Amino acid sequence: MLREDGITGVHTHVRQLRQYLGGLKVDAPVVTPFSWNRTLTVPVFGMRLAVERCSRAAAVVWYRHWHEVFLHYALRRRLAELGDCVVYAQGPLAARAALRARRGLHQRVILAVHFRISQSDEWADKKQIKRDGTVFRRIRQAEREIIPQVDGVVYVSRWARDALLSWCPEAAAVPATVIFNFVAPLNSAPSLPVALGDLVTVGNLDFVKNHRYLFDILAETKKAGRVFTLDVFGEGPLRNDLVRQISSLGLDDQVRLRGFRREVRTLLPGYRAYVHASYSESSSLAIIEAMAAGLPIVAGNFGPISELFDDGVEGRYWPLDDPVRAAATLIDLLDCEPERLKVASSATERFHRDFDAVHVAPRLYRFLMETTHPARPYQPARATRLS
């Protein structure tokens with residue numbers, strides 16, 4: 001549903017899989033809503049901004065509806081040229097577009113669950129729709145209709161699987177697997193990276209990434225006599241608010257908003273630790289990439305994050321509601337260089353064991369190619385659809 005190029009975990013997931021498939025000489029084109037009739041994408045998708053002035057919820061409906069429509073047409077054109085194939089859909093609406101566009105049951109649709117609980121929860125977390133409101137309920141209704149009809153489901157964490165099944169038990173009937181996100185090792189990383197700063201974080205500048213909390217922690221470490229730098233990679237709607245907060249806390253000399261950088265992975269070895277304050281994830285490719293770069297991790301202990309690293313081994317857990325205690329956790333790690341290096345080494349070992357594309361990507365490829373499900377033609381819901 002997104003543009004082909006971007007900084008989200010979904011983008012990284014797709015890039016890493018395509019990189020692996022490219023090594024196998026497997027054709028894996030990316031199809032997005034922008035793959036069909038580009039002359040219409042600007043006026044149609046741009047209209048969302050005008051709708052949003054009247055209603056954020058209506059803008060969400062507009063975005064979801066028209067992106068699905070354009071993706072459906074793009075897939076219909078693409079699949080008409082193919083025989084047996086797999087469509088690896090990166091969300092429920094992408095899966096529905098594929099189910100409607102496929103030419104027969106020989107074209108299988110596998111869904112990746114990147115979302116947290118439901119996409120309705122993600123829109124609510126972004127404060128675009130009202131939790132438990134009409135649009136929230138209709139999104140869940142659409143997902144309950146779509147997910148049982150796909151040919152397979154890939155969960156990126158055990159938490160993501162359990163969260164979905166907790167409200168959509170119908171999904172349990174679909175062949176599924178839990179396969180962690182993965183990245184290729186940083187083979188080109190220099191042995192002695194250029195020092196860029198103390199701390200780094202990567203993520204869109206939105207509410208759930210919780211950058212404001214990171215700045216509060218830095219303010220507390222400064223009060224304790226420890227001045228750490230932080231580079232933030234990402235763009236988003238809260239940028240101006242974050243700039244004002246940085247200034248109000250007197251952190252202008254410590255925090256840099258670096259924006260979107262395609263090569264951010266290659267920069268990570270230049271930092272001393274990776275910090276993460278997000279309070280809602282289905283997994284975290286940013287943390288996995290930081291472990292691949294040999295950085296110790298400091299993050300909250302919730303849901304899928306606890307599946308990525310262990311406290312005191314590959315990183316430290318810090319509270320997400322107490323910047324004073326979080327600051328103490330950070331100082332404790334960074335003030336003891338031998339301990340920091342030990343934790344960093346453990347993070348690298350954990351990456352190679354659990355998240356290295358060499359080991360994980362073949363599992364995903366086998367699932368995509370071998371999964372079979374008693375397939376049937378897509379059956380749309382009889383009720384009027386509000387996606």
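Key figures for this structure:
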{"item": "Whole-angstrom gap from segment 323-367 to segment 299-322, using each part's C-alpha centre", "result": "10 Å"}
{"item": "For THR372, THR201, THR8, THR32, order by how many other beta-carbon atoms lie within 10 Å, fewest first", "result": "THR372, THR8, THR32, THR201"}
{"item": "Residues whose placed amide H lies under 5 Å from that of LEU230, excluding near-sequence neighbours", "result": "LEU199, VAL255, ARG256"}
{"item": "In degrees, nearest ten, helix 239-248 long axis to first principal axis of the chain (Cα)", "result": "20 degrees"}
{"item": "Order of ASP321, ASP151, ASP356, ASP162 under a 10 Å beta carbon neighbour criterion, fewest first", "result": "ASP321, ASP162, ASP356, ASP151"}
{"item": "Förster radius 35 Å - calculated FRET efficiency between VAL243 and LEU341, Cβ distance, rounded to 0.05", "result": "0.55"}
{"item": "Segment 285-299 - phi-based ³J(HN,Hα) in whole Hz, Karplus 6.51/-1.76/1.60, Gly and Pro as x", "result": "5, 4, 5, 4, 5, 5, 5, 4, 7, x, 9, x, 10, 10, 7"}
{"item": "Per-residue [θ]222 nm for the chain (sum of -39500 (n - 2.57) over DSSP H runs n ≥ 4, rounded to 500)", "result": "-14000 deg cm²/dmol"}
{"item": "Sites excluded, GluC sites (Glu not before Pro) in DSSP loops with at most 12 other C-beta within 10 Å, longest stretch of the chain", "result": "82-262"}
{"item": "Among ALA101, PRO323, TYR271 the positive-end extreme of the charge dipole of the chain (Cβ point charges)", "result": "ALA101"}
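Computed from the coordinates by the stated procedures, all read-outs in this text should not be read as laboratory data. This structure is a prediction, so every number in the text was calculated from the model and none was measured. Every residue, glycine as well, gets a Cβ built from its backbone with ideal geometry; the counts of neighbours run over all protein chains shown.
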